[in-house]
């Protein structure tokens, strides 16, 4: 059985409890943010002192810059009322529907197109799941494999209880609470997320998936993830799901930190398909994410791969600080926008160590009335002798109402650096379509084929099954835009 | 099989074809010759259904059914194949995937079962060897970085695999070295049967050293000025297109 299948089944394990509905209100904090609310969150989670202090510092800092929400990105949205948000809700999922027949038929149709198994559909749509599918045994088997290898994979709340020393050492070491507006907010109120520690000289025996988590509870809108790869270790982490998640919150401000020590490697892959809003741009998730990795050790390696098709707004720059000598960073991205979606996404590669190497391949696809911006910084500091960067940004336009923009920033302060930058903007050409159609391929199919061809270099960086799903995802996301 | 009556075609506001009549039957090979700008490629493309060409008058029918309102893929699946003069590059689309998708589309339109990967690989191997196409090319994206000759061989490979009823070769011979030219000639001869037909659009006579056409038509300024047998092509080679122009 494939890992994916296992993950899907284990995902069903739900800690839903009948009868909880009546006292649900007591598990939600009142709207708005204050020091008391932060203390309450920390207390509910029984957090160690250092985390509470960190939250409070972050809150103080965030308050000071409250009127300075960043506005440099090429995105346009109604201002967010930060006092209209519940900053704490008990992490318990409650089915809202009795059966799939009660769910939005459009949603179910999309699930079917993506080939999502029935039981998973129920879970995603919020339908109560039969206890038979609570496959605790599968989860246990997988947990044991990881334990035998010494890998820690748990929620960050659990890590705060069981591994406070690791958390204290690395939490906030890559993205400090003062980093940016949304990171400060996250650092003050983060709900939950994943924690991974891979010990020295260990190759993590399986690919880790977020929706494969033992405590598969709702992580809330302020997700916080920390992954540490100790010396000589390797881990591949997959985040997300192809299913269109109808998140209950509009604002999502997550922080992901990765740390790779000497000779360690972390591969982090994301498929993001949150609700993009309707064709008029109503609803839809605002996704403001801070993702950063520190290639701290010598010869360490970080690789980010992302396929972003969802959310009304994507504001996301997975970055690498190349601190160790000979360390390398990679960023492979496909960002697709359709209808009224807006994406401003890219990366930062900060070269500090000697002989550091970074590779950026960003593909943007714009359709409908959407706007798609690549924004990337490559910085070579004076210490980074003999560093190299290769950047390639390609944009593909579908239709004539969309926009594609490329905003590269390059700062070189060591003249031994080698920089390469390539950029292109293209449309699916009529000649390409005619050629495919002359071979009997329908116009719609020809479009998908050409678009998939455009993304091929990125998809091959994804784990195989993820790549298959990514193909399907593009197809579903572009429906109505081509052919 | 192919019946063209009084065909007038324009692109933008420019009239290119001005009343073509042509009838091609099963088992025949027709050559359309003519100087640059006479409308040869337009004729090839309009039969295949290229969208920017507008039929102002007349019609095209295939096996007694009008195809004027059919999309290019519908025409292709009826058995019309165009070997392109300038085959386009399709970055990131592997050759195998493209050719298999194309073959399966045809089978599907005939309510036949798609080929399995194993079956497909087998026939692809055989035909690639016949055409003399480098197996390394099969592993690349469609036409990407192919030389002119490699692109043309690729067209012949697809023609061999799809086994069309009507093959149209649009200046397939242009820019080819003598070996590639020979391959094209052999491919056409090998595929020719009593059940299918070929329309060769060419500027030069040299491809006809390898293929003996049933009929030769000379296209000048959007009209067929003269038709004849294989000998006509040889006369043209000696006397040039001005000779035909002087006759009209």
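The values are calculated or read from the model by the stated rules, or taken from the named source; none is laboratory data. On a predicted model such as this, the values are computed, not experimentally measured, just so you know. With ideal geometry, Cβ positions are generated from the backbone for all residues, glycine too; neighbour counts draw on all protein chains shown.
Numbers below:
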quantity	calculated
Members of the range A:398-449 that are more than 13 Å from chain B (Cβ to nearest Cβ), surrounded by 15 or more Cβ atoms within 10 Å (Cβ to Cβ) and not in a strand (DSSP E or B)	A:398, A:399, A:402, A:414, A:417
Qualifying residue in the range B:32-40 (condition: within 24 Å of residue B:152 (Cβ to Cβ) and loosely packed, with under 15 Cβ neighbours inside 10 Å)	yes
From B:91, B:87, residue being over 21 Å from the mean Cα position of the chain (by Cα), within 9 Å of chain A (Cβ to nearest Cβ), modelled with pLDDT of 90 or more and not in a helix (DSSP H, G or I)	B:91
Count - residues of the range A:276-297 that are over 30 Å from residue A:201 (Cα atoms), touching a strand residue (DSSP E or B) at 6+ places or on another chain (Cβ under 7 Å) and part of a loop (DSSP other than H, G, I, E, B)	1
Top-ranked residue in the range B:183-198 [being in contact with a helix residue (DSSP H, G or I) (Cβ under 9 Å, 6 or more places away or on another chain) and part of a helix (DSSP H, G or I); ranked as surrounded by the fewest Cβ atoms within 10 Å (Cβ to Cβ)]	B:190
Residues that are in contact with a helix residue (DSSP H, G or I) (Cβ under 9 Å, 6 or more places away or on another chain) and in a loop (DSSP other than H, G, I, E, B), drawn from the range B:24-54	B:34, B:35, B:38, B:49, B:50, B:51, B:52, B:53
Among the residues listed as A:362, A:384, the single one being modelled with pLDDT of 95 or more and part of a loop (DSSP other than H, G, I, E, B)	A:384
Residue match in the range A:308-317 (condition: out of contact with any strand residue (DSSP E or B) (no Cβ under 6 Å at 6 or more places or on another chain) and at positive phi)	no
